[in-house]
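These notes are about the structure you will find just below.
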């Protein structure tokens, strides 16, 4: 099992101009713990929509690489997004799911992945040409290369330890996040 913060830090190491969309809760805290970056687009309360926002961004910015970093609970809520992404086939989009097999924001109840639901298999069935389940730190360098240069859409399911880490809270001001992100895109 991976340490979630270590995984995110390694994933975003030498990120360059990578556009990062974060899912609700812990993925946002994990990305903010790595660095407060103007190309981070944090979602606060848009449960289940991170992958679709990433898709829209990837389609609107086809020359830029986009990674969505979200959790298993949010991905389970937005499973239909995988089918839409599979139909659209954005070459510049990667979805990285931090899977701790729990709903961390609501009390650590077991999620469906704890019961054996395989998100990587679902992404493969949705025509993602590149799907990967990772559970060891040594695998992250390959995943990072894929995110920066691989043909997408790419799906990564990172199996991480279930733990309640301190929250690193970036701004919650939606307008500030939007305008900062838009300015950084120019």
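The values are calculated or read from the model by the stated rules, or taken from the named source; none is laboratory data. Nothing here was measured: the structure is a model prediction, and the numbers come from that model. Note that each Cβ is placed from the backbone with ideal geometry, even for glycine, and that neighbours are counted across all protein chains shown.
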**Prompt:** Yes or no: residue 12 in contact with a strand residue (DSSP E or B) (Cβ under 8 Å, 6 or more places away or on another chain) and within 12 Å of residue 96 (Cβ to Cβ)?
**Reply:** yes
**Prompt:** Is one or more of the residues making up segment 131-143 within 26 Å of residue 61 (Cβ to Cβ), touching a residue at least 40 places away in the same chain (Cβ under 8 Å), out of contact with any strand residue (DSSP E or B) (no Cβ under 8 Å at 6 or more places or on another chain) and surrounded by 14 or more Cβ atoms within 10 Å (Cβ to Cβ)?
**Reply:** no
**Fill in**
In segment 148-186, anything modelled with pLDDT of 90 or more, touching a helix residue (DSSP H, G or I) at 6+ places or on another chain (Cβ under 7 Å) and in a strand (DSSP E or B) is listed as 154, 155, 156, 157, 158
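Would you list the helices (runs of 4 or more DSSP H) that sit entirely within segment 1-82 and hold 3 or more residues that are surrounded by fewer than 17 Cβ atoms within 10 Å (Cβ to Cβ) and touching a helix residue (DSSP H, G or I) at 6+ places or on another chain (Cβ under 6 Å)? I'd like the intermediate steps shown before the answer.
Working: elements: 4-11, 26-34, 50-60, 72-77.
Filter on segment 1-82 gives an empty set.
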**Complete:** Scanning segment 83-105 for residues that are in a helix (DSSP H, G or I) and at pLDDT 95 or above, the one farthest from residue 33 (Cα to Cα) turns out to be 87
**Message:** What pairs come out if I take residues in segment 72-99 that are closer than 15 Å to residue 121 by Cα and pair them with residues that are modelled with pLDDT under 95 and surrounded by fewer than 18 Cβ atoms within 10 Å (Cβ to Cβ) whose C-beta lies under 6 Å away, six or more apart or interchain?
**Reply:** 76/112
**Prompt:** So residue 2 clears everything in (1) free of Cβ contacts under 8 Å to residues at least 60 places away in the same chain; (2) over 25 Å from residue 176 (Cβ atoms); (3) more than 12 Å from the chain's Cα centre (by Cα) except one condition, right? Which one?
**Reply:** (1)
**Message:** Conditions first: (1) in contact with a strand residue (DSSP E or B) (Cβ under 6 Å, 6 or more places away or on another chain); (2) modelled with pLDDT of 90 or more. Residue 111 passes all but one, so which condition is the exception?
**Reply:** (2)
**Every residue from segment 110-129 that is surrounded by 17 or more Cβ atoms within 10 Å (Cβ to Cβ) and outside any helix (DSSP H, G or I)** = 111, 126, 128
